[in-house]
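The values are calculated or read from the model by the stated rules, or taken from the named source; none is laboratory data. All figures in this text were calculated on a predicted structure; none of them were measured in a lab. When we count neighbours, we look across all protein chains shown, and the Cβ atoms used for this are built from the backbone with ideal geometry, even at glycine. Areas reflect the complete protein model, heavy atoms only, side chains present, ligands, DNA and RNA absent. Shrake-Rupley method; radii C 1.70, N 1.55, O 1.52, S 1.80 Å.
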Amino acid sequence: RARGQRFAYVVDISGSMGQNGRIELALGELIRSLAALPDFAEFKIALYSSGVQVPDFQKSWLRATGGTVNSVKVWIDNVIRAGGGTEPMPAFQYLFKSGDDPPDTIFFLTDGIIPPETEEEVILLNGSSRRRPSIINTIAFSADASQKALRSIASRTDGVFRFVPEGAGRR
């Protein structure tokens, strides 16, 4: 659950996400979350590994309409593959670039070990906007890696930390 009008998704697509159906589960949850947004809401997606990938049609905030969510699904199905390292900072830098309104709420998911400086860099970036900082909900996906940093980021931004164990969501 989240509050606000602008929602951002920072989702790990590193090589380890290609194991055991993790990327399919994570991206499926992303699409379900987007589809559940009211159509007045806006969103941005920043998928990361050793860099950041965003839909080519995402020039600014996207409206959460059925057509837009379907375009995101097509983009994910046709373009996104797991690979690379676990470096989320380019995705956060993309979200907080100057000239764009910052998100109200961010969902940050990883299954890997994030660089040790990530926690402080995210907090600094989040506090650099001209308005109240974004709430950052963090999700440790399938592995115990980086849970301490993810818990801290969530706690320091009034967000919620969640751990999703391996095999969750599968039947």
Restricting to the stretch 95-121, and then to whatever is closer than 23 Å to VAL160 by Cβ and of a type in the set (Ser, Thr, Tyr), can you tell me which residue is surrounded by the most Cβ atoms within 10 Å (Cβ to Cβ)?
THR110
Per the list (1) out of contact with any strand residue (DSSP E or B) (no Cβ under 9 Å at 6 or more places or on another chain); (2) surrounded by 18 or more Cβ atoms within 10 Å (Cβ to Cβ); (3) acidic (Asp, Glu), residue check on GLU24 breaks on (2)
Check on ILE23, in a helix (DSSP H, G or I), under 15 Å from LEU109 (Cβ atoms) and either in contact (Cβ under 8 Å) with a residue 24 or more places away in the chain or within 14 Å of the chain's Cα centre (by Cα) (or both)
yes
Given ILE76, ILE31, ILE13, ILE45, which one is aliphatic (A, V, I, L, M) and under 15 Å from ASP111 (Cβ atoms)?
ILE13
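Taking the residues in the stretch 109-158 that are in contact with a Gly (Cβ under 6 Å, 6 or more places away or on another chain) and among the β-branched types (Val, Ile, Thr) as candidates, determine which candidate is farthest from ILE31 (Cα to Cα).
Taking the stretch 109-158 first, the residues in contact with a Gly (Cβ under 6 Å, 6 or more places away or on another chain) are 133, 135-137, 145.
Checking the rest, the ones that are also among the β-branched types (Val, Ile, Thr) come to 135-136.
On the way: ILE135: 20, ILE136: 19 Å.
Restricting to residues being in contact with a Gly (Cβ under 6 Å, 6 or more places away or on another chain) and among the β-branched types (Val, Ile, Thr), the top hit is ILE135.
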Residue among ALA41, ALA82, ALA91 that alone is open to solvent by less than 70 Å² (accessible area, probe 1.4 Å) and touching a helix residue (DSSP H, G or I) at 6+ places or on another chain (Cβ under 6 Å)
ALA82
Residues that are of a type outside the set (A, V, I, L, M), at pLDDT below 95 and out of contact with any Gly (no Cβ under 6 Å at 6 or more places or on another chain): does the stretch 65-75 have at least one?
no
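Quick one: would you say SER49 is modelled with pLDDT under 95 and of a type in the set (Ser, Thr, Tyr)? Let's see the steps before the verdict.
On the way: modelled with pLDDT under 95: no; of a type in the set (Ser, Thr, Tyr): yes.
No, not satisfied.
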How many residues of the stretch 44-67 are farther than 16 Å from ASP12 by Cα and surrounded by fewer than 18 Cβ atoms within 10 Å (Cβ to Cβ)? The answer is 10
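Inside the stretch 91-141, can you point out the residues that are charged (D, E, K, R) and in a helix (DSSP H, G or I)? Spell out how you get there, then give the answer.
First pass over the stretch 91-141, keeping only residues charged (D, E, K, R): 97, 100-101, 104, 111, 117, 119-121, 130-132.
Across the stretch 91-141, the qualifying residues are GLU119, GLU120, GLU121.
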Residue that is farthest from ILE76 (Cα to Cα) [pool: residues in the stretch 29-60 that are free of Cβ contacts under 8 Å to residues at least 24 places away in the same chain and assigned to a helix (DSSP H, G or I)]:
ALA36
